[in-house]
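Q: The structure that follows is given in the form of structure tokens.
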Ligand code: BGC
């Protein structure tokens with residue numbers, strides 16, 4: 001059908017969900033007057049110091065694996081001499097909460113009692129999947145696994161606990177959420193995202209930020225969140241960390257900008273910048289990204305912090321500045337408010353010099369410092385910068401641990417289950433094998449206790465590995481364990497064969513060792529051969545096989561996908577992952593996660609789910625895939641109207657029935673297809689989802705509402721547009737059409 005094209009430009013307000021203002025009212029009113037008074041009194045040196053962030057190593061030394069010792073002379077140099085406004089990181093590994101109290105108290109004593117103006121330091125940390133730099137904190141599934149739960153409330157509650165535990169250490173600022181879209185499966189930070197889809201990510205971003213910050217970030221259970229890494233960091237062309245992305249402006253707005261717009265709308269207090277470049281523009285030096293779009297279009301009002309060493313990188317790596325001094329000038333003029341330097345005073349000294357030489361206007365310095373101080377006031381640091389002694393009790397409570405277990409249970413995704421091999425009955429003789437069977441680190445990944453997350457010796461001994469949890473469930477006598485392979489090397493395959501002969505079923509735990517950022521770069525998305533050989537050995541043993549995947553990105557399975565009878569995706573399920581995995585394998589809980597990304601099948605085909613009509617989508621498993629031990633029937637998809645106008649809302653309902661014999665949860669997903677439009681339409685796009693719990697035979701009518709904002713796309717001119725015509729709605733097995741007039 002030929003239709004008339006009417007291109008309507010809707011304002012950015014509609015596209016971005018009504019975004020106007022990034023700061024909560026409480027942050028504005030409390031701060032403004034006192035900030036201005038303070039600014040008047042501050043010297044240039046004090047102001048530039050506010051814009052400087054150093055890493056904890058500069059002012060401390062590591063005493064042992066769980067404690068840092070402050071170096072008071074170095075600390076005084078930083079805070080009294082250089083007026084440093086912010087310190088970050090953990091000094092190498094997680095510290096005890098008592099040690100954190102000592103660290104923060106020492107820092108704030110110097111800042112508030114030994115300086116002229118007594119400005120408190122704003123400490124920042126990466127609490128990426130829980131407060132991972134506090135010993136014994138609650139460590140949740142990583143973000144991509146939280147997205148797999150399809151349970152926004154869980155994300156909200158986990159974020160609340162993360163905020164509470166982080167603040168309980170006296171740390172008021174969290175460098176999370178990561179809001180890049182996982183659209184390149186090679187990228188080593190894939191697991192830090194909420195997956196490949198902008199709507200799913202935006203929804204989780206909003207929940208995460210609201211829960212981190214609450215209505216008032218001075219609340220002793222809340223922190224300032226930091227959306228990162230703005231913008232386009234997650235889609236490097238080659239998949240290597242911190243390398244160039246090539247993203248046309250239209251695509252940037254259609255996909256990558258949306259989660260940042262959602263977080264801004266949710267009032268996120270701070271923003272961290274993409275270390276690399278988009279279309280040849282180093283983002284740390286780009287006024288276009290940092291001012292025109294972030295401030296001008298999104299309306300972000302918080303402050304912008306650089307990423308690690310990235311102002312230096314403009315000079316040392318990106319080669320857009322000839323000298324360090326020029327790099328500082330570029331970045332500050334482009335809109336960086338705070339530099340994560342992180343080791344020295346080069347930024348501070350250069351910036352003072354640049355202002356004195358008239359190359360950076362004082363108004364720009366005032367603007368940056370004003371933004372930083374506003375957040376410090378909003379955090380209540382001027383009233384009380386110290387950790388609260390009673391806050392220690394809020395670390396890893398029984399409720400937090402139980403929520404963590406629920407999150408791990410709900411993320412686990414059943415990818416394949418031939419002949420209902422799963423769930424296993426507990427009288428079976430089980431062979432457990434594979435490199436991820438008996439380690440905690442492989443369930444947590446990077447950002448766990450250490451940056452790389454690979455210090456297995458520092459993990460809490462009471463948490464269960466998959467092997468330990470299976471032993472606890474099935475009885476140690478019923479379980480044999482042969483490692484079978486390290487990540488890269490086969491081992492004891494004869495012992496595997498021998499053990500298989502004496503077992504009824506094999507649980508083969510595969511995946512990746514922990515990693516983070518650049519050290520996690522790979523040249524090949526395939527799962528290493530050693531792991532394939534282990535599976536091949538079990539095929540020879542002719543034993544039914546369940547493959548458990550613990551990995552930070554979808555490593556290609558090759559022949560394993562066919563050879564395994566059942567495949568369970570565990571992602572990086574966190575500290576309760578072992579217990580949760582055993583509960584799912586033995587059927588105490590029916591799996592209910594769904595893939596928040598496409599699981600690819602071929603190295604040469606990394607097509608994503610929201611593909612175009614010309615693209616062939618042949619993944620191993622599609623975005624949104626996930627089986628259950630029960631079955632769900634979808635019926636009676638009903639639209640309130642068959643035609644709607646630009647101002648109208650459309651109500652969509654569908655009956656979902658648990659048609660199986662066990663209770664279970666189902667993520668109900670609504671996809672939309674714009675049948676014809678001026679910019680080639682994707683075949684489907686996720687627009688709504690919700691999770692329902694149903695007993696056998698139980699039915700629920702699930703209702704969603706869409707309006708014109710959901711039908712909007714970015715037009716050829718890079719502006720939001722919506723065009724009349726036919727749209728198709730898909731939910732489960734059902735589909736229906738409506739027309740936009
Ligand atoms: C990472 C950031 C992190 C920062 C501070 C950088 O290397 O890219 O995500 O917040 O380090 O730890």
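Just so you know, all these numbers are worked out from the coordinates, no wet-lab data involved. Just so it is clear, the structure is predicted and the values come from calculations on it, not from any experiment. So basically every Cβ, Gly included, is an ideal-geometry build from the backbone, and we count neighbours across all protein chains shown.
Q: Pop the C-beta distance of residue 364 and residue 427 into the FRET formula with R0 = 51 Å and round what comes out to the nearest 0.05.
A: 0.10
Q: Oh, and also: Specify the angular offset, from 0 to 90 degrees and rounded to the nearest 10, of the alpha carbon long axis of helix 25-41 from the longest principal axis of the alpha carbons in the chain.
A: So the helix axis and the longest Cα principal axis differ by about 30 degrees.
Q: Starting at 0 and stepping by 5 Å, how many percent of the alpha carbon pairs of the stretch 142-243 end up in each bin?
A: Each 5 Å bin holds this share of Cα pairs: 2, 15, 24, 22, 17, 12, 6, 2, 0.
Q: Suppose the chain between residue 393 and residue 611 were pulled fully straight at 0.36 nm per residue; how much longer would it get relative to their current alpha carbon spacing?
A: Stretched fully, the residue 393-residue 611 segment lengthens by 73.6 nm.
Q: If r is the Cβ-Cβ distance from residue 81 to residue 472 and R0 is 51 Å, what FRET efficiency results, to the nearest 0.05?
A: After rounding, the FRET efficiency stands at 0.35.
Q: Sticking with this one: Let me know the Rg and Dmax you get for the stretch 23-381 when you use only its Cα atoms, in Å.
A: 18.9, 55
Q: Could I ask something else about it? Evaluate the relative contact order of the chain (contact order divided by residue number), counting alpha-carbon pairs under 8 angstrom at least 6 apart; express in whole percent.
A: So the answer I get is 15 percent.
Q: With 32 Å as the cut-off, how large is the P(r) tail for the chain, expressed as percent of Cα-Cα pairs?
A: Everything past 32 Å amounts to 53 percent.
Q: Share of Cα-Cα pairs in the stretch 255-319 beyond 18 Å, in percent?
A: Roughly 35 percent, once rounded to a whole number.
Q: Now a separate question. With viscosity set to 1.567 mPa s at 4 °C, what whole-number translational diffusion coefficient in µm²/s follows for the stretch 488-594 from Stokes-Einstein and a Kirkwood radius over Cα pairs?
A: The diffusion coefficient I find is 87 µm²/s.
Q: To make sure I understand, if each residue's beta carbon is the centre and we count other beta carbons within 10 Å, what order do 153, 136 fall in, fewest to most?
A: Result, fewest neighbours first: 153, 136.
Q: Nearest 10 degrees, 0 to 90: what angle lies between the long axis of helix 152-168 and the longest principal axis of the chain (Cα atoms)?
A: It works out to around 40 degrees.
Q: Compute and list, largest first, the equivalent-ellipsoid semi-axes of the stretch 47-109 from the alpha carbon gyration tensor, each √(5λ) rounded to a whole angstrom.
A: Whole-Å semi-axes of the equivalent ellipsoid: 21, 11, 10.
Q: Over the alpha carbons of the stretch 664-727, what is the largest minus smallest coordinate on each principal axis, giving the biggest first in Å?
A: 50, 19, 19
Q: Right, next: For a quick check: sort 88, 595 by the number of other beta carbons within 10 angstrom, fewest at the front.
A: 88, 595
Q: Moving on to the next point. How would you rank 416-425, 251-260, 441-450, 374-383, highest first, on the average number of other Cβ atoms within 10 Å across their residues?
A: 441-450, 251-260, 374-383, 416-425
Q: Kirkwood hydrodynamic radius of the stretch 334-419 from all distinct Cα pairs, in Å?
A: 18.3 Å
Q: Another one. Report, largest value first, the span of the C-alpha coordinates of the stretch 400-585 along each principal axis, in whole Å.
A: 41, 38, 28
Q: Taking only Cα atoms, what is the 0 to 90° angle, nearest 10, from helix 346-356's long axis to the longest principal axis of the chain?
A: Helix 346-356 sits roughly 40 degrees off the main axis of the chain.
Q: Same structure again: At 0.36 nm per residue, minus the direct Cα-Cα distance, what do residue 43 and residue 734 gain on full extension? Give it in nm, one decimal, please.
A: Stretched out fully, the residue 43 to residue 734 stretch lengthens by 242.2 nm.
Q: Shape verdict for the stretch 246-398, please, from the Cα gyration tensor: rounded (a/c under 1.5), prolate (a/b greater than b/c) or oblate.
A: Here the stretch 246-398 falls in the oblate category.
Q: Contact order normalised by length for the stretch 595-741, with contacts defined as Cα pairs under 8 Å and 6 or more residues apart; what percent is it?
A: 25 percent
Q: Order these by the 10 Å Cβ neighbour count, fewest first: 477, 648.
A: 477, 648
Q: Sticking with this one: Can you give the % of DSSP beta bridges in the chain that are antiparallel, to the nearest 5?
A: Antiparallel bridges make up about 55 percent of those DSSP assigns within the chain.
Q: Continuing with the same structure: Starting from the exponent 0.38 and prefactor 2.2 Å, build the expected Rg for the stretch 29-155 from its residue count and divide its actual Cα Rg by it.
A: In units of the globular-protein estimate, the stretch 29-155 measures up at 1.26.
Q: Taking the Cα-to-Cβ direction at residue 676 and at residue 718 and moving 7 Å from each Cα, how far apart do the two end points lie in nm?
A: Going from the residue 676 label point to the residue 718 one covers 3.0 nm.
Q: Something else about it: Between residue 65 and residue 635, what length in nm is gained on full extension when 0.36 nm per residue of separation is reduced by their alpha carbon distance?
A: Length gained between residue 65 and residue 635: 199.5 nm.
Q: Indicate, rounded to the nearest 5 percent, the antiparallel portion of the DSSP beta bridges found entirely in the stretch 400-585.
A: Restricted to the stretch 400-585, the bridges split so that about 25 percent are antiparallel.
Q: Turning to a different aspect of this structure: What is the Cα convex hull volume of the stretch 350-499 when expressed per residue in Å³?
A: For the stretch 350-499, the hull spanned by Cα atoms encloses 254 Å³ per residue.
Q: Take every Cα-Cα distance within the stretch 561-695, group them into 10 Å bins from 0 onward, and report for each bin the whole-number percent of pairs it holds.
A: Once binned at 10 Å, the Cα pair distances of the stretch 561-695 give 10, 30, 34, 20, 6, 0.
Q: Using 7 Å Cα-to-Cβ label points, what is the residue 295/residue 701 separation (nm, one decimal)?
A: So the two model labels end up 5.1 nm from each other.
Q: Return the Rg/Rh value of the stretch 84-167, two decimal places, where both radii are evaluated on C-alpha atoms and Rh is the Kirkwood radius.
A: Rg/Rh for the stretch 84-167 comes to 1.08.
Q: For the stretch 185-332, evaluate the Debye formula with one uniform point scatterer on each Cα (no solvent term) and list log10 I(q)/I(0) at q = 0.09 Å⁻¹, rounded to two decimals.
A: -0.28
Q: P(r) tail for the stretch 464-543, what percent of Cα pairs lie past 19 Å?
A: 44 percent
Q: In whole angstrom, how long is each semi-axis of the equivalent ellipsoid of the stretch 632-740, when you take the square root of 5 times every eigenvalue of its Cα gyration tensor and sort them from largest down?
A: That gives 30, 13, 11 Å for the three semi-axes.
Q: Helix-only estimate, please: 222 nm mean residue ellipticity of the chain, summing -39500 (n - 2.57) across DSSP H runs of length 4 or more and dividing by its residues, to the nearest 500.
A: Computed ellipticity for the chain at 222 nm equals -8000 deg cm²/dmol.
Q: Along Cα→Cβ, 7 Å out, is where each label goes; now give me the distance between the ones at residue 495 and residue 401 in nm to one decimal.
A: It works out to 3.1 nm between the two label points.
Q: List the relative contact order of the stretch 400-585 as a percent without decimals, with contacts defined as Cα pairs under 8 Å and 6+ residues apart.
A: 36 percent
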